[in-house]
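What follows is a single structure, written as structure tokens, with notes after it.
The values are calculated or read from the model by the stated rules, or taken from the named source; none is laboratory data. Every value quoted in this text rests on a predicted model; they were computed, and no experiment measured them. Heads up, the Cβs are rebuilt from the backbone with ideal geometry, glycines too, and the neighbour counts pull from every protein chain shown.
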């Protein structure tokens, strides 16, 4: 499956959709729901466009009018899953009471949303050429975009007085995103990333101190 390096990556488009709140119409939702279910149960290679049409309850013509190829369908399904990941991240951190908890919850949410998604997890392990180039193969464009998104959240915390003014939130965001990405793409044999307490310890040890909260409290 080829990708066009000059086009926006999947993660870039997913983040833009999450921020803009773009919605799909009912027919598209039925097609993507059917495709996601089939991809998870049968695998992408064994699923045909005709299978998706039957499962969605739509005609083959309607499906092809909406999505002109299986490659485009796979991309749209993956795009929606990443968009859901960003939406979930924003929802999860909104429920935390302190900036420390928002960092912990955001880190855990990021890892779980992708690791627990059967389709994305399968793609990362069996077909990484579709997803990994969107993360590390575009001259850092996608990481920069996600870092800007995280930096925006940290700037809000800073403006609210939750993060000291001397902290370089752009740098901190870059480090946070790179650390989270490494856990997603590189296996670890020392940490149980399915354990809530382990994720909490990693965030409290590696991420929260970058916000300079200890220095603020000592002042």
Point to revise | All positions within the stretch 181-219 that are within 22 Å of the chain's Cα centre (by Cα), assigned to a helix (DSSP H, G or I) and at pLDDT below 90 | key: 181, 182, 183, 184, 185
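Would you mind stating whether residue 151 is touching a helix residue (DSSP H, G or I) at 6+ places or on another chain (Cβ under 8 Å) and without any contact (Cβ under 8 Å) to a residue 24 or more places away in the chain? Don't jump to the end; show me each part of the working.
Values: touching a helix residue (DSSP H, G or I) at 6+ places or on another chain (Cβ under 8 Å): yes; without any contact (Cβ under 8 Å) to a residue 24 or more places away in the chain: yes.
Considered against the rule, which asks whether it is touching a helix residue (DSSP H, G or I) at 6+ places or on another chain (Cβ under 8 Å) and without any contact (Cβ under 8 Å) to a residue 24 or more places away in the chain, residue 151 comes out as yes.
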Point to revise | Top-ranked residue of the stretch 159-175 - restricted to ones that are within 18 Å of residue 101 (Cα to Cα), surrounded by 19 or more Cβ atoms within 10 Å (Cβ to Cβ) and without any contact (Cβ under 8 Å) to a residue 40 or more places away in the chain, ranked as farthest from the chain's Cα centre (by Cα) | key: 169
**Study point:** Top-ranked residue of the stretch 31-57 - restricted to ones that are free of Cβ contacts under 8 Å to residues at least 60 places away in the same chain and within 22 Å of the chain's Cα centre (by Cα), ranked as surrounded by the most Cβ atoms within 10 Å (Cβ to Cβ)
**Key:** 35
Revision key, fill the gap. Of the residues in the stretch 86-99, those that are within 19 Å of residue 158 (Cβ to Cβ), surrounded by fewer than 17 Cβ atoms within 10 Å (Cβ to Cβ) and in contact with a helix residue (DSSP H, G or I) (Cβ under 6 Å, 6 or more places away or on another chain) number 1
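State yes or no: is residue 129 modelled with pLDDT of 90 or more and either out of contact with any helix residue (DSSP H, G or I) (no Cβ under 7 Å at 6 or more places or on another chain) or surrounded by 13 or more Cβ atoms within 10 Å (Cβ to Cβ) (or both)?
Working: modelled with pLDDT of 90 or more: no; either out of contact with any helix residue (DSSP H, G or I) (no Cβ under 7 Å at 6 or more places or on another chain) or surrounded by 13 or more Cβ atoms within 10 Å (Cβ to Cβ) (or both): yes.
Answer is no for this residue.
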Review point. Tally time: how many residues in the stretch 68-120 are part of a loop (DSSP other than H, G, I, E, B) and under 16 Å from residue 196 (Cα atoms)?
Key: 2
Revision key, fill the gap. Restricting attention to the stretch 65-79, the residues that are surrounded by 15 or more Cβ atoms within 10 Å (Cβ to Cβ) and under 18 Å from residue 29 (Cβ atoms) number exactly 9
Review point. Which of the residues spanning the stretch 102-115 are more than 19 Å from residue 149 (Cβ to Cβ) and at pLDDT 85 or above?
Key: none
